[in-house]
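Derivation of every value follows stated rules applied to the coordinates shown; laboratory data play no part. Quick caveat: nothing in here was measured; it's all calculated off a predicted structure. Don't worry about glycine lacking a Cβ; one is built from the backbone with ideal geometry, like all the others, and counts go over all protein chains shown.
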Amino acid sequence: MVLAVMHLPPTSTPVVIDSRLEPTTERIEILEAFSDLPDVRRSAGKRHHMALCLALFTLAVTAGNRGFLAIGDWLACYRCDLIALFNPPKSRIPSYSTIRRVLLELDYAQYSAALARFFGIEPLSGETLAVDGKVLRGSYQLETDNADSPPHPAIMLVSAYLVERRL
């Protein structure tokens, strides 16, 4: 299952996170997976939808980033690609402070249940869902002056594993 594809051609219509506000022409399933989770942040100063934050942070963690700074660095590194794919309001990506606030206040039981639904796995009571991500070493191409080899980002793989059932 693909969480998100990093290089989609730009669309003329934006991707809308909250489908109750406007109709959307393009579906990004990872956003829908987190759309029902409550946002416990105070309402003053909120710039990013909770679903967008969790989708971005999940992608960063599955790419091998651990910790608030590492997630922020990954978001900054792929900023243009993420903005093109998710089309966030005002073309902004969450900052370190937002990453920290969201992840410290997150109800991880609800998050893991949403992630399990996204992967189509219904864990039984007491079961563990493990999620892992890898970036294939050497799968990126940074050269921009080689006409025979266009630049492209690294290939990222994500897997989910239900430990007790070995799925």
inquiry  = among the hydroxyl-bearing types (Ser, Thr, Tyr), more than 13 Å from the chain's Cα centre (by Cα) and assigned to a loop (DSSP other than H, G, I, E, B): which single residue out of Ser125, Ser97, Ser112 fits that description?
reply    = Ser125
query = What residue, among those in segment 112-134 that are out of contact with any helix residue (DSSP H, G or I) (no Cβ under 8 Å at 6 or more places or on another chain) and of a type outside the set (A, V, I, L, M), is farthest from Leu162 (Cα to Cα)?
reply = Lys134
Number of positions in segment 102-133 that are touching a Phe, Trp or Tyr at 6+ places or on another chain (Cβ under 6 Å) and either surrounded by fewer than 16 Cβ atoms within 10 Å (Cβ to Cβ) or among the acidic types (Asp, Glu) (or both) = 1
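Please specify each residue of segment 74-94 satisfying the condition of being on the phi > 0 side of the Ramachandran plot and loosely packed, with under 15 Cβ neighbours inside 10 Å.
Within segment 74-94, the subset on the phi > 0 side of the Ramachandran plot is 87, 90-91.
Those that are on the phi > 0 side of the Ramachandran plot and loosely packed, with under 15 Cβ neighbours inside 10 Å: Lys90, Ser91.
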